[in-house]
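The values are calculated or read from the model by the stated rules, or taken from the named source; none is laboratory data. It should be emphasised that the depicted structure is a prediction, and the values quoted were computed from it without experimental measurement. Every residue, glycine as well, gets a Cβ built from its backbone with ideal geometry; the counts of neighbours run over all protein chains shown. Areas reflect the complete protein model, heavy atoms only, side chains present, ligands, DNA and RNA absent. Shrake-Rupley method; radii C 1.70, N 1.55, O 1.52, S 1.80 Å.
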Amino acid sequence: MSVVSLQLGQCGNQIGHELFSVISDDSNGPNRKKYKQCSDERFFYESSTGELVARSVLVDMEPKVISQAIAKASKSGRWRYGDKAHFSQKQGSGNNWANGFCVNGPRHEEAVEDMVRMEIERCDRLAGIFTMMSVAGGTGSGVGTYITQRLRDLYPQSFILNQITWPYGAGEVIVQNYNSVLTLSHLYQLSDAILVHENDTVHKICSHLMNIKHMSISDINKVIAHQLGSVLQPAYTADSPCHYNRNPIGELLSSLVCHPEYKLLSLSNIPQMSSTSLAYSVFNWPGLLKHLRQMLIASARMEEGIDWTVKSVTNSRHKSFNSSLANLLILRGKDVSTAVTDGFKDPALYVPWLKTENCFSTWNSPVAFNGYEKSATLVSNSQYLLKPLDNIVRKAWNMFATRAYVHQYTKFGISEQDFLDSFTALEQIISSYTHLS
């Protein structure tokens, strides 16, 4: 089964290119014929000349980033983008969600829908639609939300998984919190799940774990792409222990999203380090899983600086304890069959109204991923994202209370009531996750 991807806006197009690069490089390692065959079918199709072409549509309101992505992909010599699978204009959305959603999205919907339809028709069987976008700007957030809305109308039975990148807390754009609130509230109604990356967290991983002194946007995007690839590449599941999973999106959703009120997914991956350090490091499964479990219950963003005082004791939980609805653990690499995952089956990790056996799933593959002899990834539906979500809503509300910059949105057709509806929707999500404890 195949995944059709949409790269939306500058952020989505940059992450998308890095993701396909990671997938291509990982699949071309030694002794992985079946693995590569499954991966290629999932993410690429073969052109008439035998080239691998990404099953992806690139959309931006400015041409520069798309042109760069197309050129880099072609230069790799391993894969490229489709000749008619990209759409751009000469003028952006001005970091304004309303401009993207109310103007640019409707204006260009037909052209984008045609490209998506062509990609879907190329698939023998569609596993789902995977979008990559930022929530802070105008095109990724506004046009991306509008396109997601149209895809939900056109393909009501298909899975839609949105990967979104949250902006730096310190601020990239003055109205980023407005854009984030409007994007999240709408996507929550449209998407089957929302997989979140926080720029602040990825920045720390690059700085503290990868030891990158002069960081670039590309460094940050490579970390996000590595984490996404570790989830989306072929793996064995409990239901399919001898054959690679056919539908990564459908199986991810069935493992993690048990109720439409809870759709926010976080992602943690260990180890992550520079290639120099990796060459001199040795890892074992008990150590990796012990750290990953503690990262989960303490809401730690990375393995450095974990609070080990947080314990999973039901009757005396630490104030920082992170309650989970469901967790998916993905293990890749040497001796994966020896890994003991019982620590993640502890009923104290989960809400009491679900059976623990329905809350935890494991995927694995003996194939080492992206240069790491052993690696573990945890996708979690938990309270992990509660604090950053609350911060975004609070900052946006403080601006809205004084009606700061609201006129920039109303002139494109977004009313004050639309803002209030979005705040109400997100407050309900915050309340639902808060009461998991």
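Side notes on the structure shown:
- Using the Karplus relation 6.51 cos²θ - 1.76 cosθ + 1.60 with θ = phi - 60°, the per-residue 3J(HN,Hα) values for region 388-399 come to x, 5, 4, 5, 4, 5, 4, 5, 5, 5, 4, 6 Hz, with x marking Gly and Pro.
- Net charge dipole size for region 103-179 [Lys, Arg +1 and Asp, Glu -1 on Cβ; Debye, nearest 20]: 140 debye
- When both bridge partners sit in the chain, DSSP labels roughly 35% of those beta bridges antiparallel.
- Shape call, region 324-390: gyration tensor on alpha carbons, a/c limit 1.5: oblate
- In terms of overall dimensions, region 166-312 has a Cα radius of gyration and Dmax of 17.2, 51 angstrom.
- Heavy-atom accessible area ranking, 1.4 Å probe, most first, across Glu198, Glu110: Glu110, Glu198
- Distances between every pair of Cα atoms in the chain, grouped in 20 Å steps from 0 to the bin holding the largest one, split as 26, 60, 13, 0 percent.
- Region 156-227 shape via C-alpha gyration tensor axes, a/c threshold 1.5: oblate
- Restricting attention to region 311-404, lysine pairs at least eight places apart or on different chains and with alpha-carbon atoms under 18 angstrom apart total 6.
- Computed over the chain, the per-residue total of -39500 (n - 2.57) for DSSP H runs of n ≥ 4 gives a 222 nm mean residue ellipticity of -12500 deg cm²/dmol, rounded to 500.
- Direction-averaged projected area, Cα convex hull, region 58-131: 5.9 nm², rounded to one decimal.
- Here the 3J(HN,Hα) profile of region 157-171, calculated from phi with Karplus coefficients 6.51, -1.76 and 1.60 at θ = phi - 60°, is 8, 8, 6, 10, 10, 9, 9, 10, 10, 7, x, 4, x, 5, x Hz, Gly and Pro shown as x.
- Contact order relative to length of region 1-154, as percent, for alpha carbon pairs under 8 angstrom and 6 or more apart: 36 percent
- In straight-distance terms, cross-link reach from Lys75 covers every one of the lysines whose alpha-carbon lies under 28 Å from its own, apart from those fewer than eight places away in the same chain; here that gives Lys33, Lys34, Lys36, Lys64, Lys84, Lys90, Lys213, Lys222.
- Placing unit charges on the Cβ atoms only, positive for Lys and Arg and negative for Asp and Glu, gives the chain a dipole magnitude near 700 debye about its Cα centre.
- D_trans [Stokes-Einstein, Kirkwood Rh over alpha-carbon pairs] for region 93-154, 25 °C, 0.890 mPa s, µm² s⁻¹: 204 µm²/s
- Accessible surface of the chain, 1.4 Å probe, proportion on carbon and sulfur as whole %: 51 percent
- For the chain, accessible area per residue (1.4 Å probe, heavy atoms of protein chains only), Å²: 42 Å²
- Relative contact order (%) - the chain, alpha-carbon pairs under 8 angstrom, separation at least six: 16 percent
- Selection from Gln14, Leu385, Ser337 lying farthest towards where the dipole of the chain points positive, charges on Cβ: Ser337
- The solvent-accessible area of Trp308, taken with every protein chain present and a 1.4 Å probe, is close to 100 Å².
- Principal semi-axes of the equivalent ellipsoid, √(5λ) from the alpha carbon gyration tensor of region 306-437, are 39, 20, 13 Å from largest down.
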